[in-house]
Amino acid sequence: MELDQSAARRPGETILPMINVVFLLLIFFLISARLTPPEPFPVAPPVAAAEAPAESAFTLYLGADGGIGYRDRTGIDAPVAALAADLGAHCTPACADGARPTLSVRADAAAPAAALARLLPRLGGLGFAQVDLVVAGQ
């Protein structure tokens, strides 16, 4: 019996190096790509630099839970009522010429922004000329 000895087959080219190159390129493009959309215009956030210490005759406190405090009163409505009463007593002779006092608000860093947003219109209705938000310095 005669066996046909065919020529030895050439081993097929392996594609493993090409797969490695493709994955390396994929990783490179994923790392170098921007994953967030660009800003529509440049924004410089405010810096809390202490130029002058906050001084005011009236200081209102806003807690981390959204509670309000003024002097010894805490809650939601009682501090604002006490603040309005003190403003009325302070403002009787001094505010006749239009010199309104300023109010300092010391808000906790964890205080919800919605609580501050609800508080500001109420404070504006009391008649303060300016409301300063006290922040920590650098």
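The values are calculated or read from the model by the stated rules, or taken from the named source; none is laboratory data. What you are looking at is a predicted structure, and each value in this text was computed from that prediction instead of being measured. Neighbour counts run over all protein chains shown; Cβ positions are idealised from the backbone, glycine included.
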Quiz item: Condition test on Pro11, is it over 24 Å from the mean Cα position of the chain (by Cα), closer than 17 Å to Val134 by Cβ and modelled with pLDDT of 70 or more?
Solution: no
Quiz item: Do you know which residues across region 96-126 are of a type in the set (Gly, Ala, Ser) and in a strand (DSSP E or B)?
Solution: Ser104, Ala107
Exercise. Collect the residues in region 76-105 that are under 25 Å from the mean Cα position of the chain (by Cα) and modelled with pLDDT of 80 or more, keeping them in residue-number order.
Key: Thr102, Leu103, Ser104, Val105
Practice problem: Using the structure shown, decide if Asp65 is in a loop (DSSP other than H, G, I, E, B), of a type in the set (Asp, Glu) and at pLDDT 80 or above. | Solution: yes
